[in-house]
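Asks: Mind having a look at this structure? Questions to follow.
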Amino acid sequence: MLKIEGLDVSYGAAQVLRGVSLTAQAGQITCLMGRNGAGKTTLMKAIMGLLPPGAGSIALEGTLLSDLPPHEVPKQGVGYIPQGRRLFGELTVAQNIEIGLMTRGGDAALREELLEIFPRLRERLGQRADTLSGGEQQMLATARALALRPKLLLLDEPTEGLQPSMIEVIRQVVLTMRDRGVAVLLVEQRVDAVLDMADRVFVIEMGANRDEMDRATLRADPGRLRAHLGV
């Protein structure tokens, strides 16, 4: 479903991604891993159109996302939960969700579905987003992305800094989206979490493809992944 081919991305004169290729299939969890500074977040931003490619292409179901301006990418069904959440802090929980719903014509039924997934947000609808706890902010960022009814869901280290109970909530949402046929692309640093969920793992190093493993390989030889990450 998502197909990235030969992607180069730079920040000014500093090239970060070098010929990266990656695929993510519908109904699967694809994990992107690498040491700090490998280019994982840069790749996510490039998919969203926030960084222009110097070469290569990014396509979703045949539509070239790399040809679209950033505001058009979510309309193609790409939900993005960035590192740091990037909520509209001065707006309420309800308003943040509404922004997500407006992007692809979500209705009251979808809003209710999201509040059933995250019942704590129902209790906070009138509260400003920047006054929520870290876990609640992650719930809201996830709900906003799911409000697009995404075909592709991008998550950049969604469990970073969260307590175990909140990590499990996010994990269950990811598994549910996979089971609904969504293509999930997950940046995650915790090897144990990846071994538990991933259908496929791509490892990048210094902005280039380093390794690719499917579920069977991960189960048979988890040390291969740990060796790349130095853990």
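Asks: Which value, in debye to the nearest 20, describes the size of the charge dipole of the range 135-194 about its Cα centre when Lys and Arg Cβ atoms bear +1, Asp and Glu Cβ atoms bear -1, and nothing else is charged?
Replies: 380 debye
Asks: Here's another thing I want to ask about it. Mind listing P(r) for the chain? All alpha-carbon pairs, 10 Å bins, whole percents.
Replies: P(r) for the chain, in whole percents per bin: 8, 33, 37, 19, 3.
Asks: Over the chain, calculate the relative contact order: mean separation of alpha carbon pairs under 8 Å at least 6 apart, over the residue count, as a percent.
Replies: 29 percent
Asks: When DSSP assigns beta bridges and you keep just the ones with both residues in the chain, what percent turn out antiparallel, to the nearest 5?
Replies: Looking only at bridges with both residues in the chain, the antiparallel portion is about 55 percent.
Asks: How much FRET efficiency would the formula 1/(1 + (r/R0)^6) give for ALA208 and LYS75, where r is the Cβ-Cβ distance and R0 is 41 Å, rounded to 0.05?
Replies: 0.85
Asks: Quick check: pseudo-label points 7 Å beyond the Cα along Cα→Cβ at ALA108 and GLU90, how many nm apart are they?
Replies: 3.0 nm
Asks: Residues with amide H under 5 Å of ARG210's amide H, sequence separation 5 or more or different chain, H placed in the peptide plane at 1.01 Å from N; which?
Replies: VAL203, ILE204, GLU205
FYI, it's all coordinate maths here, none of it is from the lab. It should be emphasised that the depicted structure is a prediction, and the values quoted were computed from it without experimental measurement. Note that each Cβ is placed from the backbone with ideal geometry, even for glycine, and that neighbours are counted across all protein chains shown.
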